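Inspection log for the structure reproduced underneath, given as structure tokens.
The values are calculated or read from the model by the stated rules, or taken from the named source; none is laboratory data. Quick caveat, the model's predicted, so the values are computed rather than measured. All Cβ positions, glycine included, derive from the backbone under ideal geometry; neighbour counts span all protein chains shown. These area figures cover heavy atoms from the full protein model, side chains too; ligands, DNA and RNA do not enter into them. Shrake-Rupley method; radii C 1.70, N 1.55, O 1.52, S 1.80 Å.
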Amino acid sequence: MGKKINNTYLIFLNILIVVYNLYIWLSVFTEKVIVTDDLKEAYNARHISKSYFSYIGSYLDSSNMAARPVSGFITGTLVFLSKYNESIYLLGILFFPLSLFAIYWVAQKVLSKELASLITLLYSCSLIGTSIQFSPIMLNSNLATIFFSLSIYYVYVRKNILFSALFFILSILSYEIFLPLILLNLYLIKENKKRIVFLLLTIGSVVLFRKVIQPAIFAHSYQRDEVGKIFELKRVVQVTILTAKLFFKDIFVGIYKGLINLKNLHIVEILLALIISSVVYKVFIGYDFKSRLKAIKNVGLISLVSIILAISVFYVSAYIPTLFGFDNRSLGAIRLFYTLFLVSGIIYLSFKLKLGNKTISSLFAGFAFLLLATNMSVKNAWIYASQFNYKMFHELSKTLKAENIESGVVCLGYDMFTELKTNPHFILREPIFYNNWECRRLSEMNGIDPEKVFIFNVDRQTKCELIFLYKNGKIVREK
């Protein structure tokens, strides 16, 4: 009878996880949250004149997509289709919940259905790499996660290195974040001959594509790996300090800001967080952790090593490890393995301290509530960032019309860094107007002709014919 009740709670928890993630997606979708790089894609979509295949060819032939043809093909297709309806582009956010299905499917094969549900839930509301949850262009990270999860499934569960190698290659050609984790696949393969075959298939294929095929077929080919950076001592120290800061400070700052913003959550959102965390408690109050302790310990050790391997990407690239802004988009692999480490670490330490199921369940329920509440605050912050941009350009549009300005180079300034640090609506310094490529779509949305009036951020443009400042919701002309 107890097992049947527990299964009922588990089913209910899985339903709630689906409902929660659909709610997050629908909130972003209905509010049409498009910021930073997505603004560039949304603008370009409205001005596509080529046929589909010609456009896809030109889209892939770029510094960003030439190295990522798998995700580039899907993103390019969404951009092309969104010229008919802008909402189509926002469907790219659905790849995040799709990655949750992949993570759950693999986790329940390796551990158990209960732990798979918990891992999926905590991954879905993690503070790490929030851009991959709210930005359509970051479907490449989610696609890489799906393929990497399938690669682990085929090497660990099915013992099929050919399929595992195929999915690993697809992951790397979607986004490079899991490349260092090839060592995990090699560790899970028990025969040396199969390891060699896997290594030759994966690294051989990736090197062949990057060094031979990519530069041969793409005029704008760009090698994204910058191995030389490993010898830049100053950068190595910077990455090391930022990594430590991420784990030992930034995560706690994010949770603190999320809790402060509880007052801004809808009552439905608070109830959803409370109900889900309560069901988590019910699921694990009678769970047999002891029988899974060896597997949990192994997952903990593997996830710790995997986090270290994932961090190594930052030592050989231009990316930096940070929880804040759009730069957190490169943390997909760390987000996954940090979640695994968190779950396995809590269980293992609890047994070492001889804590009972009630304490372990309470800890998981508490973490779930904190992360769910914070994640919903971050969702609201992304919506606010989109509205902030719109309002700023709307006010600029009214000022330009009032002063009969119909052409020229206009620079728009505001204290972005102070805004992000002091405005309580921002949790992880969500991306607001900064880069020049963001302005065209924002101009178009607010009745400014981007072909005649060229608007730039004053911090990104040295030559300005006109300068306007945005402060306290109003536009003031400075020059």
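Residue-by-condition table, conditions (1) modelled with pLDDT of 90 or more; (2) in a loop (DSSP other than H, G, I, E, B):
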| residue | (1), (2) |
| --- | --- |
| A216 | no, no |
| Q223 | no, yes |
| I230 | no, no |
| V236 | yes, no |
| K249 | yes, no |
| G254 | yes, no |
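For segment 454-476, filtering for residues that are in contact with a Leu (Cβ under 7 Å, 6 or more places away or on another chain) and either surrounded by fewer than 16 Cβ atoms within 10 Å (Cβ to Cβ) or within 14 Å of E406 (Cα to Cα) (or both) leaves 2. Filtering I93, I119 for residues that are touching a residue at least 40 places away in the same chain (Cβ under 8 Å), open to solvent by less than 10 Å² (accessible area, probe 1.4 Å), in a helix (DSSP H, G or I) and within 20 Å of I11 (Cβ to Cβ) leaves a single hit, I119.
Residue count for segment 34-79 satisfying the condition of being β-branched (V, I, T) and touching an Asp or Glu at 6+ places or on another chain (Cβ under 6 Å): 1.
When segment 176-198 is filtered for residues that are assigned to a helix (DSSP H, G or I) and among the aliphatic types (A, V, I, L, M), the ones remaining, listed by number, are I177, L179, L181, I182, L183, L184, L186, L188, I196, V197.
Please verify whether E114 is under 22 Å from L272 (Cβ atoms), open to solvent by 20 Å² or more (accessible area, probe 1.4 Å) and acidic (D, E), treating the condition exactly as stated. So E114 passes the test. Checked against (1) open to solvent by less than 10 Å² (accessible area, probe 1.4 Å); (2) in a helix (DSSP H, G or I); (3) within 22 Å of L184 (Cα to Cα); (4) of a type outside the set (F, W, Y), A273 passes all but condition (3).
Which of the residues belonging to segment 126-158 are assigned to a loop (DSSP other than H, G, I, E, B), over 30 Å from R429 (Cβ atoms) and either aliphatic (A, V, I, L, M) or at pLDDT 95 or above (or both)?
Of the residues in segment 126-158, the ones assigned to a loop (DSSP other than H, G, I, E, B) are 126-130, 135, 157-158.
Then drop every residue that is not over 30 Å from R429 (Cβ atoms), which leaves 157-158.
Across segment 126-158, the qualifying residue is only V157.
Restricting attention to segment 238-270 and to residues that are hydrophobic (A, V, I, L, M, F, W, C) and open to solvent by 70 Å² or more (accessible area, probe 1.4 Å), the residue that is nearest to the chain's Cα centre (by Cα) turns out to be F252. Of all the criteria given as (1) part of a helix (DSSP H, G or I); (2) modelled with pLDDT under 95; (3) under 19 Å from the mean Cα position of the chain (by Cα), the one not satisfied by I74 is (2). None of I307, I275 is under 24 Å from T374 (Cα atoms) and out of contact with any helix residue (DSSP H, G or I) (no Cβ under 6 Å at 6 or more places or on another chain) except I275. For segment 28-46, a residue qualifies if it is farther than 13 Å from S135 by Cα and either of a type in the set (S, T, Y) or without any contact (Cβ under 8 Å) to a residue 24 or more places away in the chain (or both), and the qualifying residues are T30, Y43.
Checked against (1) more than 23 Å from F29 (Cα to Cα); (2) buried (at least 20 other Cβ atoms within 10 Å of the Cβ); (3) touching a strand residue (DSSP E or B) at 6+ places or on another chain (Cβ under 9 Å), F393 meets all criteria but (1). Per the conditions (1) open to solvent by 40 Å² or more (accessible area, probe 1.4 Å); (2) touching a helix residue (DSSP H, G or I) at 6+ places or on another chain (Cβ under 7 Å); (3) part of a helix (DSSP H, G or I), the sole criterion not satisfied by G286 is (3). Candidates K354, K358: the one that is out of contact with any Leu (no Cβ under 8 Å at 6 or more places or on another chain), outside any helix (DSSP H, G or I) and either crowded, with 23+ Cβ neighbours inside 10 Å or not acidic (D, E) (or both) is K354.
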